[in-house]
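Visitor: Below you'll find the structure I mean.
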Amino acid sequence: QSHPVAVRYALGGARILSGILATGQPSLVGVAEELEKSSDSTDRDVASSIRKAIADTSSHKDAVKTHGLACGMPPSFIGMIHGINVSQSYTDAVRGEILAAGDNCSRVAFIGACLGAKYGLDSIPEAWLQKVNKSTQLLEWTEAIAKF
């Protein structure tokens, strides 16, 4: 995805994930405030999407339905941010995103990355790991990268 809008939303997501990796917590409001100061209108659109997701108090399934089930931006991004904001655990987030339906692959990948970073490797159910080929090797690599 090299379209300028997709790139701006990806950079907004990268700021969120980077913040979680640095502090252990998503600073959704902080990223929105940072982007609102930008001279780029797309950055301000990303900030608006973050604020829409934070303001939505509905269930995740209903929020995704309201903002859009398709994978385009901004609807998919709003769904991602909503999932991060309302989920209480890694498994809650992943299951909630699967049940939200629609084009959920990119949403669940981003939510999983963010909440995996927040809650750690121990938050991934062992039963899920057993279904992944070479999960032991993948976990070793993940731990090595995390130490880097």
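Visitor: Of all residues in segment 88-124, count the ones that are farther than 25 Å from Val64 by Cα and outside any helix (DSSP H, G or I).
Guide: 1
Visitor: Further question: Mind listing whichever residues of segment 25-49 are within 16 Å of Ala6 (Cβ to Cβ) and within 16 Å of the chain's Cα centre (by Cα)?
Guide: Val46, Ser49
Visitor: In this structure, is Met73 modelled with pLDDT under 95, over 18 Å from Gly24 (Cβ atoms) and not small (Gly, Ala, Ser)?
Guide: Yes; evaluated as a whole, the condition is true for this residue.
Visitor: Still on this structure: Under the condition of being of a type in the set (A, V, I, L, M, F, W, C) and not in a helix (DSSP H, G or I), which residue from segment 70-84 is nearest to Ser2 (Cα to Cα)?
Guide: Of the residues in segment 70-84, the ones of a type in the set (A, V, I, L, M, F, W, C) are 70-71, 73, 77-78, 80-81, 84.
Add one more test, that the residue is not in a helix (DSSP H, G or I), and what stays is 70-71, 73.
Details: Ala70: 18, Cys71: 15, Met73: 13 Å.
So, considering only residues that are of a type in the set (A, V, I, L, M, F, W, C) and not in a helix (DSSP H, G or I), the one nearest to Ser2 (Cα to Cα) is Met73.
Visitor: Here's another thing I want to ask about it. Kindly establish whether Gly83 is under 13 Å from the mean Cα position of the chain (by Cα) and at pLDDT 95 or above.
Guide: yes
Visitor: If you check Ala144, Ala101, Ala109, Ala113, which single one turns out to be surrounded by fewer than 18 Cβ atoms within 10 Å (Cβ to Cβ) and touching a Lys or Arg at 6+ places or on another chain (Cβ under 8 Å)?
Guide: Ala101
Visitor: Still on this model: Only residues that are in contact (Cβ under 8 Å) with a residue 24 or more places away in the chain, among the aliphatic types (A, V, I, L, M) and surrounded by fewer than 23 Cβ atoms within 10 Å (Cβ to Cβ): list them for segment 48-62, please.
Guide: The answer is Ile54, and nothing else.
Visitor: Can you give me the number of residues within segment 125-141 that are touching a residue at least 12 places away in the same chain (Cβ under 8 Å) and not in a helix (DSSP H, G or I)?
Guide: Qualifying residue count, segment 125-141: 1.
Visitor: Here's another thing I want to ask about it. If we keep just the residues of segment 34-69 that are of a type in the set (Ser, Thr, Tyr) and assigned to a helix (DSSP H, G or I), which is farthest from Gly96 (Cα to Cα)? Please lay out each step first, then the result.
Guide: Step one: of segment 34-69, the residues of a type in the set (Ser, Thr, Tyr) are 38-39, 41-42, 48-49, 57-59, 66.
Those still in the list that are assigned to a helix (DSSP H, G or I) too: 41-42, 48-49, 66.
Values: Ser41: 31, Thr42: 28, Ser48: 23, Ser49: 20, Thr66: 15 Å.
So the residue we want is Ser41.
Visitor: Still on this structure, I have one more. Residue by residue through segment 17-33, note down the ones that are surrounded by 15 or more Cβ atoms within 10 Å (Cβ to Cβ), free of Cβ contacts under 8 Å to residues at least 40 places away in the same chain and part of a helix (DSSP H, G or I). Even if it seems obvious, please write down each step before you answer.
Guide: As a first pass, look at segment 17-33 and keep what is surrounded by 15 or more Cβ atoms within 10 Å (Cβ to Cβ): 17, 19-20, 26-28, 30-32.
Next, only the ones that are free of Cβ contacts under 8 Å to residues at least 40 places away in the same chain stay: 19, 27, 30-32.
Across segment 17-33, the qualifying residues are Gly19, Gly30, Val31, Ala32.
The values are calculated or read from the model by the stated rules, or taken from the named source; none is laboratory data. Since this is a predicted model, take the numbers as computed values, not measurements. Heads up, the Cβs are rebuilt from the backbone with ideal geometry, glycines too, and the neighbour counts pull from every protein chain shown.
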